[in-house]
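I have placed the structure first, in the form of structure tokens, so that the comments after it can refer back to it.
The values are calculated or read from the model by the stated rules, or taken from the named source; none is laboratory data. All of these numbers come straight from a predicted model, not from anything done at the bench. Heads up, the Cβs are rebuilt from the backbone with ideal geometry, glycines too, and the neighbour counts pull from every protein chain shown. These accessible areas exclude ligands, DNA and RNA; they are computed on the full protein's heavy atoms, side chains included. Shrake-Rupley method; radii C 1.70, N 1.55, O 1.52, S 1.80 Å.
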Amino acid sequence: MYSENLLENMELVEKTRESREKQQLPILNEKKKEKLLSSFHPDYRLSGFRALRVGVNRGDRTVHEIADLLEAFSSFDYREINFEKPDLETDVLVLGGGGAGITAALFAHSAGAKVILATKLRLGNSNTIMALGGMQASVSENDSPIRHFADTMVAGKFQGRRELVKAMVDDGPSIVKWLLDLGVNFDRDEKGNLLTKKAGGSIAPRILSIGDYTGLNIIKILKDEIRNRPEIEILEFAPAVELTTNEFGECNGAILFDLERKRFVLVKAKSVILATGGSGRLHIQGFQTSNNFGATGDAIVLAYRAGAKLEGLDSFQYHPTGIVYPDHMVGVLVTEAIRSLGAHLVNSKGERFINELETRDVVAAAMIKECEEGKGIKTPSGRVGVWLDTPVIEERYGKGFLKKKFPALFRMFMRVKINIEKQPLLVYPTLHYQNGGILIDEKGETTVKNLFVAGEAAGGIHGKNRLMGNSLLDIFVFGRRAGLAAARRKYNEPGKQTLSHLERYYQELKSLRITTVAKTPRIFQEYIVGD
Amino acid sequence: MSKKLVSIYIEGRKIKVPEGYTVIEALWDTGHDIKRGVGCLSGLCGACAIAYLEKGSKRVRFGLGCQTIVKEGMNITVMPFFPSRTANYIISEMGKPIEKLREIYPELDTCKNCGFCTIACPEWINVSKVMKLLKEGKYEEATEMMLDCILCGLCASRCPYGIAPQFISLFVQRAISHEKPFPENLKKRLKEIEEMKYDEEWGRILQMSDEELVEFCKRIREEA
Ligand SMILES: Cc1cc2nc3c(=O)[nH]c(=O)nc-3n(C[C@H](O)[C@H](O)[C@H](O)COP(=O)(O)OP(=O)(O)OC[C@H]3O[C@@H](n4cnc5c(N)ncnc54)[C@H](O)[C@@H]3O)c2cc1C
Ligand code: SF4
Ligand code: SF4
Ligand code: FES
């Protein structure tokens, strides 16, 4: 139910709906786009960034929130751990139970390795489960892996590494086959072909989906599959808090923290796969986020302290349409498809201000501009946003369309007595995706031997901007590659487990006279609810 | 800004929290270390199942803790891990998995279509009807209805016969998708890749200078 002042402003939205429908907003030329981005996109806000003072990437630019994470000591005192006596031993240790982690575990297991998977929350609770829109893969007739490659490189402003992008797009079709064999029910057309939809920034229809709940339906099946392979040991509510290395600096295990018993679990492994996802819950530059509760960037901290190189952590994706009202839904995503179908973005004066089909970064920048220039709408708790006029779609495609096409969205708002058929939504850009991460090669290995990374935690693929649907693809592709390559290390001699990398890191922090009260990895953000 | 407070009962304890909070927020606000029953905070992951009784109401209701706003006098308990039976099988190794449905989940036929599960579902799925369709062999229709299921387990918690509809339908969903004819468009693309149709071009791409690569990508996109 909307509050009084919002209902008042909403009348204006209704009044201007008809005239807005006739309006054609141009796509901005490159120069105008650049100007808009550099003035209003958070990635260009100089005050949001600083140069890292420690570690392999010293001197590189990143946001304060990530720098704070890295220029810090651990939250834990590890002295009580007996490193001679690991609690568990395995060939492959997978950290993270989202799409990338489960995939890596399944492949490492099929390759004959003994696998342990440890995750922070319940298995599957992740960003993957929340992915609505779909997954890219070049399967349609008028598409090709090369076209997919070109789209990805251009979207990433040529900052993605071409060998990684090639690996991703080239494996796309075979990863779809793997998912189909597991019983994933991608939408089909009348002829039984995989249905492909067009997405912003792509020259061919390439999005595969399962209704408007793609990630959920894939995760349900991956969870079911891993549950049916009892040899894979699964540890829930046991986040990784540090990696261990041997005398050569190679990774050979991790320290987990059992959240229930409140004690450490030392795991020794011949190789480790970090798949703990992104960092939306760090609320970079104060933004609301679409990410799950566990997305606190732990992978970056763990890998960086162990000496792994990072790449591209000066670029994040802000999804234009995050909810700002009601309060308990703040940050939650409204799918892109709503804009693709023609919903307008409307300011407090009842005007459209940007062609809604521009890329995510441009639309987000335009929304921020409106709000900073006083043309946003204020909610009772003091947040600002612009209207996303959903009833336009209902009028265009007929009554009942929204409810039928977007049952999840419809239901979500019906629960709070907002009918998206008749009332617009209030939205503001929401922190959505970590474009960079820990640098990997085509096998998924980092610059630290025997340490692999897959999924959103990895860097080097998406450059400065990720194409919609490429993330779901990359987690399966690199989950598989990392799982298979890690399994091949099962004849390794892992050596003695130590924290000497951490000692070195602490020395560097101290010698730079960095003192900090921040403790990391963060594991969970402390939410101070209340006023 | 000071907000109006409401009194609620959480697992029997009376506490006051600001109006407008969700059950999860109320739990955090009162110092509960809630980790087990939380995940996406978006109503998508099913980790936060709750049961609650509203003041003056005669009936216990069910919902998601991250989506339910507390109300004066509400009596709430969290129940994220309700035990539900899951069968063991490896779909990819079964010839025609759907034929094994009754072997794998014999409890399907003990369902009496009483409808208790439907009442609990926070996704407004007519779970009882799904069960009926499954019994009748209308698998497509049944699993289509379950696409929005978030595996919260609330339906299973209500079933007087201890059936877990969410897992039975998940098996069926996997079984029938697995048996669908392989899509032609994907088959073609896989064949092309197998025959190394793109390898030469990849070779060139990997050799290009940065400028050449930019030009190349531009051209590919314009041709399309
Ligand atoms: C709302 C939303 C919608 C999206 N829609 C799409 C879409 O339509 N298409 C698309 O391609 N992409 C989409 N994305 C992006 C995509 O879903 C994610 O980038 C991707 O799923 C990440 O997968 P992952 O396995 O790397 O990480 P996740 O799926 O986030 O999994 C990480 C796992 O690691 C666990 N973890 C965290 N820290 C630790 C630790 N210290 N130790 C152990 N475990 C830990 C987490 O609990 C979690 O289970 C969307 C993202 C969001 C948030
Ligand atoms: S509650 Fe149990 S018996 Fe009743 S309809 Fe649902 S599954 Fe069948
Ligand atoms: S069908 Fe059952 S498990 Fe699925 S969402 Fe409904 S109540 Fe939850
Ligand atoms: S926390 Fe995921 S549904 Fe509530």
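Points worth noting:
- DSSP bridge orientation in the protein assembly as shown - percent antiparallel, rounded to nearest 5: 70
- With the convex hull drawn around the C-alpha atoms of segment B:59-149, the volume per residue stands at 133 Å³.
- Convex hull projection area averaged over all views, segment A:172-257, Cα basis, nm²: 9.7
- Loop-located trypsin sites (Lys or Arg not before Pro) across segment A:467-531 with a Cβ neighbour count of 15 or fewer within 10 Å are A:496, A:513, with loop assigned by DSSP.
- Accessible area buried by the pairing of A and B, both sides summed with a 1.4 Å probe, works out to roughly 6900 Å².
- Rounded to the nearest 10 degrees, the inclination of helix A:470-487 to the longest alpha-carbon principal axis of chain A is 10 degrees.
- Per-selection Rg to Rh, segment B:179-224 - Cα, Kirkwood hydrodynamic radius: 1.17
- Calculated log₁₀ intensity ratio I(q)/I(0) where the Debye formula runs over C-alpha points of segment A:1-67, q = 0.21 Å⁻¹: -0.90
- The count of lysine pairs in segment A:377-455 with alpha-carbon distances below 23 Å, taking only pairs 8 or more places apart or on different chains, stands at 10.
- Per residue solvent-accessible surface (Å²) - the protein assembly as shown, probe of 1.4 Å: 40
- With at most 11 other Cβ atoms within 10 Å, longest stretch of chain B clear of loop GluC sites (Glu not before Pro) (DSSP): B:12-135
- Take each residue in A:181-192, count the other chain C-beta atoms within 10 Å of its C-beta, and the mean is 5.
- Across chain B, the longest piece that holds none of the chymotrypsin sites (Phe, Trp or Tyr not before Pro) lying in DSSP loops with up to 16 other C-beta atoms within 10 Å covers B:1-80.
- Trypsin sites (Lys or Arg not before Pro) within segment A:190-221, DSSP loop, no more than 14 other Cβ atoms inside 10 Å: A:191, A:198
- Percentage, to the nearest whole number, of Cα pairs in segment A:32-71 over 13 Å apart: 54
- Size-normalised alpha-carbon gyration radius of segment A:355-424, reference 2.2 N^0.38 Å: 1.27
- Taking a straight line from the alpha carbon of residue A:191, these aspartates and glutamates sit under 13 Å away, with near neighbours fewer than eight places off in the same chain left out: B:184.
- Shape parameters for segment B:5-78, alpha-carbon atoms, Rg then Dmax in Å: 11.2, 31
- Pairs of Cα atoms nearer than 8 Å and 6+ residues apart set the relative contact order; for chain B it is 16 percent.
- Probe 1.4 Å, all protein chains present, accessible-area order of A:221, B:98, largest first: B:98, A:221
- Of B:27, B:186, B:134, the residue with the greatest mean-square motion in the GNM of chain B, using alpha carbon springs below 10 Å, is B:186.
- Between segment A:481-518 and segment A:250-317, the C-alpha centres lie 13 angstrom from each other.
- Exercise: per-residue mean of other protein chain Cβ atoms within 10 Å, B:215-224: 5
- Straight-line cross-link reach from residue B:132 at under 19 Å between alpha-carbon atoms covers these lysines, not counting any fewer than eight positions away in the same chain: B:100, B:112.
- Volume of the Cα convex hull of segment A:76-222, divided per residue and given in Å³: 163
- Working ranking of peptides A:42-51, A:403-412 by packing, defined as the average number of other Cβ atoms within 10 Å per residue, highest first, is A:403-412, A:42-51.
- Simple point charges give the picture: +1 on the Cβ of Lys and Arg, -1 on the Cβ of Asp and Glu, and for chain B a dipole about the Cα centre of about 1700 debye.
- Ranking of B:199, A:224 by solvent-accessible surface, largest first: B:199, A:224 (1.4 Å probe, protein heavy atoms only, all chains present).
- Within 10 Å of the Cβ of each residue in A:145-152, the mean number of Cβ atoms contributed by other protein chains is 6.
- Stokes-Einstein diffusion of the protein assembly as shown at 20 °C, 1.002 mPa s viscosity, Kirkwood radius from Cα pairs, rounded to a whole number: 80 µm²/s.
- Using C-alpha pairs under 8 Å with a sequence gap of at least 6, the mean separation divided by the residue count of segment B:5-78 gives a relative contact order of 40 percent.
- Whole-percent pair-distance distribution, where bins are 5 Å wide, for the alpha carbons of chain B: 1, 6, 11, 13, 12, 10, 8, 7, 8, 7, 7, 5, 4, 2, 0
- Proximal charge balance of residue A:256 [Cβ under 13 Å; K/R count +1, D/E count -1]: -2
- Among the listed pairs A:120/A:197; A:262/A:309; A:114/A:464; A:114/B:188; A:114/A:177, those with a Cα-Cα distance over 28 Å are A:120/A:197; A:262/A:309; A:114/A:464; A:114/B:188.
- Our summary gives chain A a relative contact order of 25 percent, counting only alpha carbon pairs under 8 angstrom and 6 or more residues apart.
- Diagonalising the gyration tensor over the Cα atoms of segment A:27-138 and scaling each eigenvalue by 5 before taking the square root yields semi-axes of 37, 26, 12 Å, largest first.
- In loop segments of segment A:79-181 as defined by DSSP, the GluC sites (Glu not before Pro) with at most 12 further C-beta atoms inside 10 Å of their C-beta are A:84.
- For residue B:4, a cut-off of 19 angstrom between C-alpha atoms picks up these aspartates and glutamates, skipping any fewer than 8 places away in its own chain: A:4, A:327, A:531, B:19, B:25, B:29, B:54, B:72.
- Orientation-averaged projection of segment A:201-309 equals 11.1 nm² [convex hull of Cα atoms, one quarter of hull surface area].
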